[in-house]
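Peer 1: Just dropping this structure here.
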Amino acid sequence: MSSHQAPNPLCKPVEHTLSRRHLLGAGAAASAIGLGGLGGLVQPLVAEQMQQKEKQVLFIWIDGGMSQLESWDPKPNTHFGGPFRSIATSIPGVHISELMPKTSRIMHKLALDRGVCTFDNSHSAGVPRINRGDPKDRGVIYPYFGSAVANLMGPSDSGLPPYVWVKPGSGGFKYQDAGFLGPKYGALAIGEGEPPPNILLPESVDTQQNDDRNSLRKFANQQYSKTRPATFSEAQNFVFDTAHALMKRRSLFNEPAPKDIARYGDTPLGRDMLIGRKMLEAGVRFVKVNSYGWDTHGDNFNAHASLMPRFDQAFTAVVEDLDERGMLEHVLVIAMSEFGRTPRINGHIGRDHWPEAWSIAMTGTGIKQGAIIGETNTEGTWVTSEAHDIGHFFHTWFNALGIDSEHTEYINEGQPLPIANDDCSPIQELLA
Amino acid sequence: MKIYPLLAVLCCFCSIQPLVAQQLHELIDQHIEQASPEPFAAESTDSEFLRRIYLDLIGQIPNTSETLEFLSDTATDRRSRLIDKLLEDSRYSRRMSEFFNVMLMERRGIDPDWQLFLTSSFNKNMAWDKMVQHMVSPDTSNETTRGSAYFLTKRLEKYGQNPTDFPGLARDIGRMFLGMDLACAQCHDHLFIDDYKQADFQGLFAFINNSFIRSDTDYPAIGMKPVKVRLEFNSVFEEGNFSTGPKLPGLSEIPIPEFIGGEEFAVEPNKETKAPGIPKFNPLDFLAKQLPTATNESFNLNAANRIWYLMMGRGIVHPMDLHHSDNPPSHPQLLSLMGQQLADNNYDIKWCIRQIALSRTYQRTGTITPSVANAKRHEYRVFSEKPLSAEQLMWSMLTATGQLNLIPPQTTTVGSDSTETQQEQLGESIDGIRTDFLDAYANPPREPETEFAPSVRGALFVLNGPRVLSWLPAKPGNLADLLNKQDREYADTLYLAILSRKPTLEETNYFNQYIGSHSDKTKAIEQAIWALLASNEFAINH
Amino acid sequence: MDIKYKPIAAPVADRQLFNARFSHDGNMLLAGSYQGDIRRFDLTTEENKELAVITGHNAWVQALALHPTENLILSGDSWGTLQLHDFTQETPTPIWAIEDAHDGWIRSVAFSKTGDCFATAGLDQTVRIFQTKNGKQKHELSGHDADVYHVLFHPESDELLSADALGRIIQWNLKEKAPAREFDASETFLAHRLQDVGGVQCMTFSPDGQSLYVGGTRPKNGATVQGVPIILGFSWDTAERTLLRELGSTADCYCEDLKFHPDGFLIAVSSGTPGTGKLQFIDLEQEEPLWMVSNLSNCHAIDVHPDGKTIAITTTVRGSNGNGRKVDADGNYIGNTSPIQLLSPDIPESDSPAS
């Protein structure tokens, strides 16, 4: 590379922006006018396996890197162990950080892998890489896990979008997650717990009038469809139907009941986790809940002292809540970051990025409860058991959802693409 | 180009070759129709054509009186007269500015000087090659056109935490003006596209990598540092050191002159005014000469392709920025001849639009019948639906409801300081309305608007947003007012105003019945207006 | 005054250290470590040799205080154990040791004026008072709603102050076991996303006991904390805030310790984004510091030698941060250390004051 030029922002080492097929011109072959093109059609052979319409996912993303040493894999009183103690859990012999007392009591419901070893220690490249399952480079931008599930499993009958992202900050439609699958599989983001703009029927339109006007609209659309191609019209109908589904469910955005706030914690994560549960209950296929602010290069220990209990509360609240509602048997729950944090403690009394040995927790459908696997050495500096990369987890989670991860493929404009890294395989010890 | 009627008559009866060349629109039809043995759909109806040509040429649907005027015109040349009328309409340059702004700037921002450049260029039908010259080599002495620099300067602005995106600017010069996306050829020859070489990217890069945004002007302006050496680059795959001067793909490299140290500037930098110096050698001067020229075939083909896209909704090369051997034009000879003729006609955009509009290909119906049910888009056997831009939706909804007449007349200034939100009073200014429509319908910056991509956001905007809903109730002279004053034949008024056609019998009965028998006629009228505004037929350019 | 100090030594151990303290005779330096012990350096030796460690703790021994008169060291660790040792012993054994003196992290310990009792503060949000002679708890004080970071006795009146992670400072009425007064240092606190950021990092009284000085940061954001280091001054009489002083930029982050020099000026150290450390000598009546070193690396604590000249600044070694697995030549994962910078006045010989 010429020294004059900064790295090409358009050309990231493992991803090039357009698929081979796209570049070769989908135009020569017939390309349907449409919703993100033909991307994402699944091989018909395995389509029936995925008629598991009732399975859903809650994906809790702890952005910035939760410290495994202050959470799932503590090494108290060792060289890099930090100040905190570990506590016993509901599984004899298994200890986690004293900062997660509520979680310790439901440990028997969880599965945990402490032998995670991945290969990116930066946020900007690492976050997308992890979210995409670090697939092999095939010249396409792979979808994030949520878009993948939205595509492979489709929306539920609720009419709500299949992929909802509950997060601080801005809301709106975040199509970038979808990669080559196309914008239809992007995330509808709920920012600060606020509904999308214009979700409320205005006062000037009462329910009867709303019914009337939509009947009229549908009549007009039927007339148009008689002699016009389907694709544009179907896309339009789809967004209006989704808009209505959101309007019908606007109570999802109501101020939550005080007892729910007390249970989940009156914190950004607590409130968003509660919305997440409501979204799952309403039938959203894949809900991602984000918590930001975990990149504790400085003041790591005081930070985790206030961050972890709040995660602890919100996490256990949602797991127990789902369990009580009978939903844990069909909802896959995952909690993770893009990496862990260094054993070495820096001068700002913090820990830096550490993909070398960290932990991922999960529970719910298809997962073996109480499976605590993966080990690190005494000081937490190396994985001593079989190390697992994020590709292994994607295999595992697809299988937990009833999708054969090793034989299912996307067909992206004629190009077959594996749904998970083909050098990895499901972690059988985590599967029920 | 004139037609000699006598010769034309002779041609009909004997097979003498016409002594004059055919018009472009005839050649278009020949090429398109001869390329497929399958049946082609019939001509569009008058109302189909009417709505389509209004949207494509002036960016909005016709109002009721314009609709009635055309639909009652029985002369055989009514369509060509309408085309000519619209090309001279004051709204033509507004439409073209909006379209080219979206195509060239991809929603990066709004700038009044850029806006002025666009509207004044289209007002006087500035040739495309001249427009491109202005964009790559702006003339700061010309107040009307100097905003053309925005094409370059906006792309040099940093966004987020990214460094100055010189590669992105080089890429977009290739995309917009040559139809080549060389993004993946920066670090190596393109992995999949054999035609796109690293040297091509680097040659483009060498034109702009010493440019910068001037900070001494209150209009967009580009500066250039002295260029002293050829650009060196390495490939991540090939061994060796490479270098290039500024060079367009397929054309000759611009030699970089040597200057004695201290003599690089024609005008020295001025420390007091902060005016940067003007170097004696500016690669952009050469880019302006080499790029938009008749001998640059890629330039010609790209220009013709994009004007085709404007009218047909799809490029003959599609995607438009990926022209290469493995993504050839659907009709290569047609594109070549269009490119050639465009160059021969001094890159007259209006001329080219007119020719396309006159063709059978453009005027074909979009309705699907069994014989064209299996038609592929690139065959043009039936006209393809096109999406409406945020601007087209805005002007069309304003027109359909009659709200446009209620807004105080003002110049279409862009970039007002208004920060109105939907919650604030709906002070009706075009700028405020445009902000709402862009929020609801426009893509985020740097996302091309070339595919149909309806959004839930847009649906909610028209369902529940106060803006459009405020246009429904009766106000003096608007659509609801007219309907309220009627006691029958509501469907006619509705359909002519909103969908630019007469209703079918079924539609007539349905809407007349609904409004006529409703206990609250005023409310019923509002729902009916809304339903057609929110309908697929309205949202789609067919 | 024209003040300048120069570095004279930097004893270091194989573990990171907190809060180095001089013994009363100035011959020893003591510091709690990151792994369950207290390190001792013999300053009478040329190489500041390490003596046998004081054991019996776990994890972080952050809370450390020397008895005002006796050669006793009181220490508290992050698992909640308190110990008292005679630090002059060759292999010190505890005079007493209390496990679970707090539930978890003991942040700070401080002796009363006579040393008969001491106060402790911890993550469990309590302040406790103990008898020095036997380690028996006398009082438990509840009132803080957050991690209590610091305790301090007034040098004259022995009134007890405690300060927490939210920037709240309570002066206790020990009879009622209730807050008597409060000082508002909430300037040092920010609730950012899910995190409580900042809080009171250090406290000290002016030598005349008329003013209370508090150090921390004005946080800009959590996660990788950034903020301008600040000193707040309060009137002991009225509890009103009388001073706010910024010590640097947002990269300088925390004012980690404040101590008055016997010559009357205030010493302040700050620790910021990895690698940033400053030492300042401040006359509070003047805008500019009397003397400053800004190229130290992460300064955490100050102590002044009994001779009133040498100062000890506990720091973290340079180059202490970095993502990923840094290994040495043998493939071992490298940890950090805490050089204790010893500095003495840099007086040219011709200017030596007459003794």
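Peer 1: Filter region A:77-99 for residues that are touching an Asp or Glu at 6+ places or on another chain (Cβ under 9 Å), part of a loop (DSSP other than H, G, I, E, B) and not basic (Lys, Arg) and give the result.
Peer 2: Passing the criteria: A:Thr78, A:His79, A:Phe80, A:Gly81, A:Gly82, A:Pro83, A:Phe84, A:Leu99.
Peer 1: Given C:Thr126, C:Thr120, which one is β-branched (Val, Ile, Thr) and surrounded by fewer than 19 Cβ atoms within 10 Å (Cβ to Cβ)?
Peer 2: Going through C:Thr126, C:Thr120 in turn, the sole match is C:Thr126.
Peer 1: Also: Of all residues in region A:74-117, how many are in contact (Cβ under 8 Å) with a residue 12 or more places away in the chain, farther than 27 Å from A:Cys424 by Cα, of a type in the set (Gly, Ala, Ser) and more than 14 Å from every other protein chain (Cβ to nearest Cβ)?
Peer 2: The total comes to 3.
Peer 1: Taking the condition surrounded by fewer than 19 Cβ atoms within 10 Å (Cβ to Cβ), out of contact with any helix residue (DSSP H, G or I) (no Cβ under 9 Å at 6 or more places or on another chain) and closer than 26 Å to B:Ala400 by Cα, does B:Ser47 pass?
Peer 2: Taking the combined requirement at face value, the residue does not satisfy it.
Peer 1: Answer with yes or no whether C:Ser211 is modelled with pLDDT of 95 or more, more than 14 Å from every other protein chain (Cβ to nearest Cβ) and closer than 22 Å to C:His67 by Cα.
Peer 2: Considered against the rule, which asks whether it is modelled with pLDDT of 95 or more, more than 14 Å from every other protein chain (Cβ to nearest Cβ) and closer than 22 Å to C:His67 by Cα, C:Ser211 comes out as no.
Peer 1: List the number of the failed condition for B:Ile110; all other conditions in (1) in contact with a Gly (Cβ under 9 Å, 6 or more places away or on another chain); (2) surrounded by 20 or more Cβ atoms within 10 Å (Cβ to Cβ); (3) among the hydrophobic types (A, V, I, L, M, F, W, C) hold.
Peer 2: (2)
Peer 1: Which of the residues belonging to region B:469-509 are among the β-branched types (Val, Ile, Thr) and within 12 Å of B:Gly402 (Cβ to Cβ)?
Peer 2: B:Thr493, B:Ile498
Peer 1: Can you pull out the residues in region B:279-336 that are of a type in the set (D, E, K, R), within 18 Å of the chain's Cα centre (by Cα) and within 14 Å of chain A (Cβ to nearest Cβ)?
Peer 2: B:Arg314, B:Asp321
Peer 1: I'm checking my understanding of the structure. Among residues of region C:276-304 that are within 19 Å of the chain's Cα centre (by Cα) and either among the hydroxyl-bearing types (Ser, Thr, Tyr) or within 11 Å of chain A (Cβ to nearest Cβ) (or both), which one is surrounded by the most Cβ atoms within 10 Å (Cβ to Cβ)?
Peer 2: Here the residue is C:Asn298.
Peer 1: Take B:Ala288 and decide whether it is within 16 Å of B:Gln341 (Cβ to Cβ) and of a type in the set (Gly, Ala, Ser).
Peer 2: Taking the combined requirement at face value, the residue does not satisfy it.
Peer 1: Right, here's the next one. Taking strands (runs of 3 or more DSSP E) that do not extend beyond region A:324-432, which have at least 1 residues that are among the hydroxyl-bearing types (Ser, Thr, Tyr) and within 30 Å of C:Gly275 (Cβ to Cβ)?
Peer 2: A:340-345, A:358-364
Peer 1: Restricting to region A:220-256, what's the tally of residues that are surrounded by fewer than 18 Cβ atoms within 10 Å (Cβ to Cβ) and either of a type in the set (Asp, Glu) or facing chain B (nearest Cβ under 7 Å) (or both)?
Peer 2: Of the residues in region A:220-256, 4 are surrounded by fewer than 18 Cβ atoms within 10 Å (Cβ to Cβ) and either of a type in the set (Asp, Glu) or facing chain B (nearest Cβ under 7 Å) (or both).
Peer 1: Oh, and also: Which condition from (1) within 18 Å of the chain's Cα centre (by Cα); (2) closer than 20 Å to C:Asn48 by Cβ; (3) part of a strand (DSSP E or B) is the one that C:Ser344 breaks?
Peer 2: That leaves (1) as the condition not met.
Peer 1: Within region C:53-109, can you find the residues that are among the charged types (D, E, K, R) and either away from chain A (no Cβ under 14 Å) or in contact with a strand residue (DSSP E or B) (Cβ under 6 Å, 6 or more places away or on another chain) (or both)?
Peer 2: Matches in region C:53-109: C:Glu70, C:Asp86, C:Glu90, C:Arg107.
Peer 1: What single numbered condition from (1) under 21 Å from A:Val140 (Cβ atoms); (2) at pLDDT 80 or above fails to hold for B:Tyr219?
Peer 2: With respect to (1) under 21 Å from A:Val140 (Cβ atoms); (2) at pLDDT 80 or above, B:Tyr219 is out only on (1).
This table checks each residue for (1) surrounded by 21 or more Cβ atoms within 10 Å (Cβ to Cβ); (2) modelled with pLDDT of 95 or more.
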residue	(1), (2)
C:Asp2	no, no
C:Gln16	yes, yes
C:Ser23	no, yes
C:Leu29	yes, yes
C:Ser33	yes, yes
C:Asp42	no, yes
C:Ala52	no, yes
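Peer 1: List the number of the failed condition for B:Ala375; all other conditions in (1) within 14 Å of another protein chain (Cβ to nearest Cβ); (2) in a helix (DSSP H, G or I) hold.
Peer 2: Every condition holds for B:Ala375 apart from (2).
Peer 1: Now for a different question. Of the residues B:Tyr309, B:Tyr347, which single one is outside any helix (DSSP H, G or I), surrounded by 19 or more Cβ atoms within 10 Å (Cβ to Cβ) and either among the aromatic types (Phe, Trp, Tyr) or on the phi > 0 side of the Ramachandran plot (or both)?
Peer 2: B:Tyr347
Peer 1: What number of residues within region B:129-165 are on the phi < 0 side of the Ramachandran plot, within 14 Å of chain A (Cβ to nearest Cβ) and surrounded by fewer than 21 Cβ atoms within 10 Å (Cβ to Cβ)?
Peer 2: So the answer is 9.
Peer 1: Condition first: in a helix (DSSP H, G or I), closer than 17 Å to B:Arg434 by Cβ and without any contact (Cβ under 8 Å) to a residue 60 or more places away in the chain. Now tell me which residues in region B:457-480 satisfy that.
Peer 2: Correct list: B:Arg457, B:Gly458, B:Phe461, B:Pro466, B:Arg467.
Peer 1: Within region C:158-173, which residues are touching a Ser or Thr at 6+ places or on another chain (Cβ under 6 Å) and assigned to a strand (DSSP E or B)?
Peer 2: The answer is C:Ile170, and nothing else.
Peer 1: I would also like to ask the following. Output the number of the condition that C:Ala268 fails; it satisfies all remaining conditions of (1) surrounded by 14 or more Cβ atoms within 10 Å (Cβ to Cβ); (2) assigned to a strand (DSSP E or B); (3) among the small types (Gly, Ala, Ser); (4) more than 18 Å from the chain's Cα centre (by Cα).
Peer 2: Only one criterion in (1) surrounded by 14 or more Cβ atoms within 10 Å (Cβ to Cβ); (2) assigned to a strand (DSSP E or B); (3) among the small types (Gly, Ala, Ser); (4) more than 18 Å from the chain's Cα centre (by Cα) is unmet by C:Ala268, namely (4).
Peer 1: Of the conditions (1) in the same structural domain as B:Met126 (by TED's automatic domain parsing); (2) closer than 26 Å to B:Met131 by Cα; (3) surrounded by 15 or more Cβ atoms within 10 Å (Cβ to Cβ), B:Pro255 clears all except one; give me its number.
Peer 2: (3)
Peer 1: Within region C:316-335, track down each residue that is touching a residue at least 60 places away in the same chain (Cβ under 8 Å) and of a type in the set (S, T, N, Q).
Peer 2: The one that is touching a residue at least 60 places away in the same chain (Cβ under 8 Å) and of a type in the set (S, T, N, Q): C:Thr316.
Peer 1: Looking only at strands (runs of 3 or more DSSP E) that fall completely inside region A:142-259, which ones have 2 or more residues that are of a type in the set (A, V, I, L, M, F, W, C)?
Peer 2: A:163-167, A:187-191
Peer 1: Of all residues in region C:175-208, which are surrounded by fewer than 17 Cβ atoms within 10 Å (Cβ to Cβ) and away from every other protein chain (no Cβ under 14 Å)?
Peer 2: Answer for region C:175-208, where residues must be surrounded by fewer than 17 Cβ atoms within 10 Å (Cβ to Cβ) and away from every other protein chain (no Cβ under 14 Å): C:Lys175, C:Glu176, C:Lys177, C:Ala178, C:Ala180, C:Arg181, C:Glu182, C:Asp184, C:Ser186, C:Ser206, C:Pro207, C:Asp208.
Peer 1: On to the next question. Residues that are facing another protein chain (nearest Cβ under 9 Å): find the helices (runs of 4 or more DSSP H) completely inside region B:481-542 holding 1 or more of those.
Peer 2: B:505-516, B:521-533, B:536-539
Peer 1: Still on this structure, please answer the following. Give me a count of the residues in region C:271-283 that are part of a loop (DSSP other than H, G, I, E, B) and either acidic (Asp, Glu) or at pLDDT 95 or above (or both).
Peer 2: Count: 1.
The values are calculated or read from the model by the stated rules, or taken from the named source; none is laboratory data. A quick note: this is a predicted structure, and the numbers were derived from the prediction, not measured. In this analysis, Cβ positions are derived from the backbone assuming ideal geometry, glycine residues included, and neighbour counts consider all displayed protein chains.
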